[in-house]
Amino acid sequence: MLILLPPSEGKTPAVRGSAVDWPSLSFPELNSCRAKVLDALGTVSAHDDALALLGVGASLKDDVERNTRLHGEPAAPAHQIYSGVLYDALGYKTLTPVQRRKADESVLVISALWGAIRFGDSVPAYRLSMGTALPDVGRLASFWKPHLSSALAPLAEGHLLVDCRSSTYSAAWAPPPAQTVAVNVFTEVNGVRKVVSHFAKHTRGELARHLLARRGKAPATPSDLARAAREVWQAELMDGSARKPHALNIILPG
């Protein structure tokens with residue numbers, strides 16, 4: 001089983017430590033692409049209109065300024081850098097040592113800057129969305145798609161992929177539909193369902209934690225995943241097709 005997560009928009013900068021050690025990152029074949037994106041991000045972030053170019057508000061000025069010095073910024077494991085609703089719900093710090101090892105092996109974060117990293121990879125905090133277009137790079141989802149397809153295809157082979165990404169990050173890599181389950185979250189009131197953004201993030205984080213913490217074998221098929229989800233939530237499995245992944249719909253009370 002592999003759990004695909006988006007990065008958090010907000011990140012917690014490392015207070016101290018060494019800069020990113022490029023050779024130690026997972027999927028080192030992506031390093032030339034990472035360097036290209038990082039250099040383009042640094043250039044854009046130094047512009048007078050950097051906030052507008054990156055699509056962020058004035059409150060994130062310090063985050064954008066940090067983008068200009070990422071080569072030297074302190075790095076920390078991704079599970080410490082990424083914060084926010086989904087990661088709070090996953091609660092890496094409160095997992096047991098065995099569960100943390102499982103998370104380190106099973107979780108992949110699809111990143112606008114790094115392409116794909118594992119929880120144990122040390123990176124600096126940065127500000128960049130997959131929906132951004134950078135000079136000489138273009139739209140990041142389009143840039144990363146062929147590179148991630150090549151780098152991650154061997155890893156995905158034979159695994160169930162639990163896709164907890166948003167649509168923006170799903171566009172950067174489409175794993176084989178037959179072995180992929182996209183996780184959707186709805187509220188339901190009087191038989192009417194609504195998509196919920198905040199609760200979707202939280203519930204996806206809770207699902208990831210449940211899959212990492214539960215006893216027994218990890219789900220190996222979409223049906224296994226649905227049964228595991230029903231241990232906690234009302235959930236239904238929608239079959240995929242040759243081009244469309246399966247869907248796990250988690251329904252929350254309104």
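The values are calculated or read from the model by the stated rules, or taken from the named source; none is laboratory data. Just so you know, these numbers come straight off a predicted model, no measurement behind them. Cβ: placed from backbone, ideal geometry, glycine included. Neighbour counts: every protein chain shown. With ligands, DNA and RNA removed, areas are computed over all heavy atoms of the protein, side chains included. Shrake-Rupley method; radii C 1.70, N 1.55, O 1.52, S 1.80 Å.
Here is how the numbers come out for the structure above:
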quantity: Stokes-Einstein translational diffusion, region 55-137 - Kirkwood Rh over all Cα pairs, 0.692 mPa s, 37 °C, in µm²/s; calculated: 231
quantity: Proximal aspartates and glutamates relative to residue 145, as straight alpha-carbon distance under 18 Å, when same-chain residues fewer than 8 apart are discounted; calculated: 29, 136, 157, 163
quantity: Dipole of the chain, positive end: most advanced residue of 103, 81, 68 [Cβ charges, Cα centre]; calculated: 103
quantity: Electrostatic dipole magnitude of region 1-53 [Cβ: Lys, Arg +1; Asp, Glu -1; Cα centre; debye, to 20]; calculated: 200
quantity: Angle between the chain longest axis and helix 140-156 axis [Cα atoms, degrees, rounded to 10]; calculated: 50
quantity: Fraction of the pair-distance distribution of region 1-144 above 24 Å, Cα-Cα pairs, percent; calculated: 27
quantity: Ellipsoid semi-axes in whole angstrom, largest first, where each is sqrt(5λ) of the Cα gyration tensor of the chain; calculated: 30, 19, 18
quantity: Nearest 10 degrees, 0 to 90: helix 31-45 Cα axis against the chain principal axis; calculated: 60
quantity: Environment charge at residue 122 (Cβ cut-off 14 Å; Lys +1, Arg +1, Asp -1, Glu -1); calculated: 0
quantity: Where labels lie 7 Å past Cα in the beta-carbon direction, separation of residue 98 and residue 139 in nm; calculated: 4.5
quantity: Percent of beta bridges antiparallel (DSSP, the chain, rounded to nearest 5); calculated: 50
quantity: Whole-number accessible area per residue in Å² for region 187-254, which is evaluated in the context of all protein chains at 1.4 Å; calculated: 62
quantity: Reach of residue 217 by Cα under 22 Å, taken over lysines that are not fewer than 8 positions away in the same chain; calculated: 102
quantity: For region 91-153, the fraction of alpha-carbon pairs in successive 10 Å shells from zero, as %; calculated: 19, 41, 29, 10, 1
quantity: Region 182-198 and region 129-163: distance between their alpha carbon centers, rounded to Å; calculated: 27
quantity: Extension reserve of the residue 244-residue 210 stretch, reckoned as 0.36 nm per residue once the Cα distance is removed; calculated: 9.7 nm
quantity: Rh by Kirkwood over Cα pairs, then Stokes-Einstein D for region 142-195 at 1.002 mPa s and 20 °C, µm²/s; calculated: 167
quantity: Of 201/244; 61/194; 93/194, pairs whose Cα-Cα distance is over 29 Å; calculated: 61/194; 93/194
